[in-house]
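Comments concern the structure below.
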Amino acid sequence: MTSPPLDTTTPLDTTTPLDTTTPVDPTTPLDPTTPSAERIMETALAFEASKTLLSAVEIGVFTELARRPADVVELRDRLGLHPRGARDFFDALVALGFLRREDGVYHNTPETDAHLDRAKPGYGTVAPLLEMANSRLFGIWNHLTDVLRTGLSQDESKDSGTDTYDALYADPARLKQFLASMTGISHRANLRIARQVPWEDYSTVADMGTAQGDLVAQVLLANPHLTGTGFDLPEAEPVFTEYAERHGLGERLRFTGGDFFTDPFPKADVLTFGHILHNWDLDRKKLLLRRAWEALPAGGAVVVYDTLIDDERSENAFALLMSLNMLAVTDGGFGYTGAECQEWMREAGFARAWTEHLVGPDSIVVGVRE
């Protein structure tokens with residue numbers, strides 16, 4: 001039996017999406033072999049736990065409890081919270097593992113006491129990232145569907161008509177928070193790089209896109225024979241200088257302002273790019289690596305580190321989510337694998353390139369010019 005000829009004279013209606021779903025009878029019993037939806041629900045509502053922690057940081061819960069533990073009424077009054085939600089809020093933090101409660105009195109955990117009390121040093125390396133997540137990223141991620149449909153970032157540049165970083169760097173208060181948050185997300189990896197790279201083979205280092213300068217600062221603190229340069233847009237200089245002086249590095253560490261796409265790179269034995277390449281599209285990634293090769297002496301090295309996607313693109317969920325974050329907050333940025341970065345380095349001229357794990361989701365890719 002042959003099918004009737006296809007009618008090609010009537011145009012297809014492309015304005016109404018096809019409804020391919022069949023309504024489900026809610027009274028139909030679920031097959032007992034059906035997989036549980038528990039993980040789906042947990043992930044779908046994970047924003048509730050996230051915002052509870054971020055609001056606690058914003059309100060100052062952990063700082064207050066570091067001063068003096070308190071019961072629900074005292075803590076509520078000290079923080080200026082409404083009676084209606086305070087108890088559930090504090091107990092949610094207990095259930096999430098960020099507070100503990102003994103005989104009705106709330107205390108910080110060792111973790112939150114060390115990192116989320118504004119009076120302690122640990123706050124400076126963790127909380128700025130949380131503050132930025134609360135004030136900036138949380139709202140941007142609410143538009144992820146728009147990003148996926150349009151490919152357009154949803155950050156500050158969306159309505160200003162400026163580049164992502166032009167918009168960020170134009171506001172001194174927002175810039176200071178952003179640069180501090182970069183220290184927060186990078187600090188553990190920076191400490192590892194300061195000891196993992198064979199710095200004894202080199203005498204100078206320049207950190208490209210340095211932000212506050214934590215990467216080059218940690219490298220110099222761990223390797224007293226080195227001198228270093230932090231390179232970033234000129235607006236970052238006051239924040240960088242303050243950070244360098246705070247660590248006693250004023251004589252060994254200097255700042256150079258410029259645009260690393262157009263201005264000369266500092267002369268150094270090693271050039272580092274920490275959480276930088278993921279900000280840019282493929283052409284600009286390759287351009288930065290090519291410019292690094294051109295600026296380095298024979299035997300010099302480039303050290304790139306990022307939250308690298310695993311080569312199979314199936315395991316490092318944090319890195320893949322970070323890549324989505326770059327989609328949402330930059331005009332062309334995306335994450336990449338170590339193998340991809342090695343290929344770009346060889347294309348730029350580096351004779352040898354390899355990848356090493358650092359800590360957590362971060363890894364480095366090293367390229368050597370011969």
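The values are calculated or read from the model by the stated rules, or taken from the named source; none is laboratory data. Predicted, not measured: the structure shown is a model, and the values here were computed from it. Cβ coordinates were reconstructed from backbone atoms using ideal geometry, including for glycine residues, and neighbour counts include every protein chain displayed. Just the protein is used for accessible areas: all its heavy atoms, side chains included, with ligands, DNA and RNA removed. Shrake-Rupley method; radii C 1.70, N 1.55, O 1.52, S 1.80 Å.
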Open item on the list: Can you list the helices (runs of 4 or more DSSP H) lying wholly within the stretch 28-83 that have 2 or more residues being hydrophobic (A, V, I, L, M, F, W, C), surrounded by fewer than 17 Cβ atoms within 10 Å (Cβ to Cβ) and within 33 Å of the chain's Cα centre (by Cα)?
Closed with: 38-44, 46-59
TODO: Tell me which residues, restricted to the stretch 90-119, are over 27 Å from the mean Cα position of the chain (by Cα), within 15 Å of Ala49 (Cβ to Cβ) and either open to solvent by 30 Å² or more (accessible area, probe 1.4 Å) or in contact (Cβ under 8 Å) with a residue 40 or more places away in the chain (or both).
DONE: Asp91
- [ ] Being part of a loop (DSSP other than H, G, I, E, B), in contact with a helix residue (DSSP H, G or I) (Cβ under 7 Å, 6 or more places away or on another chain), open to solvent by 10 Å² or more (accessible area, probe 1.4 Å) and closer than 25 Å to Arg291 by Cα narrows it down to one of Gln212, Gln218, so name that one.
- [x] Gln212
Open item on the list: Of the conditions (1) at pLDDT below 95; (2) in a helix (DSSP H, G or I); (3) of a type outside the set (S, T, N, Q); (4) open to solvent by less than 50 Å² (accessible area, probe 1.4 Å), Ile193 satisfies every one except a single condition; which number is it?
Closed with: (1)
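So that you can scan it fast, the table gives a plain yes or no per residue for (1) under 18 Å from Val219 (Cβ atoms); (2) open to solvent by 30 Å² or more (accessible area, probe 1.4 Å); (3) touching a Leu at 6+ places or on another chain (Cβ under 7 Å); (4) not in a loop (DSSP other than H, G, I, E, B):
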site: His278; (1), (2), (3), (4): no, no, no, yes
site: Glu294; (1), (2), (3), (4): no, yes, no, yes
site: Val304; (1), (2), (3), (4): yes, no, yes, yes
site: Glu315; (1), (2), (3), (4): no, yes, no, no
site: Met345; (1), (2), (3), (4): no, no, yes, yes
Open item on the list: So Gly299 ticks every box in (1) in contact with a Gly (Cβ under 9 Å, 6 or more places away or on another chain); (2) more than 22 Å from His357 (Cβ to Cβ) but one. Which box is left unticked?
Closed with: (1)
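One line per residue, one yes/no per condition, for (1) open to solvent by 30 Å² or more (accessible area, probe 1.4 Å); (2) closer than 10 Å to Gly213 by Cβ; (3) aromatic (Phe, Trp, Tyr); (4) in contact with a strand residue (DSSP E or B) (Cβ under 6 Å, 6 or more places away or on another chain):
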position	(1), (2), (3), (4)
Gly230	no, yes, no, yes
Glu235	yes, no, no, no
Pro238	yes, no, no, no
Tyr243	no, yes, yes, no
Gly248	yes, no, no, no
Glu251	yes, no, no, no
Thr256	yes, no, no, yes
Asp259	yes, no, no, no
Val270	no, no, no, yes
- [ ] Scan the stretch 173-180 and give yes if some residue there is at pLDDT below 90 and exposed (fewer than 15 other Cβ atoms within 10 Å of the Cβ), otherwise no.
- [x] yes
Open item on the list: For the stretch 352-363, check the following and say yes or no: at least one residue is over 24 Å from the mean Cα position of the chain (by Cα) and modelled with pLDDT of 95 or more.
Closed with: yes
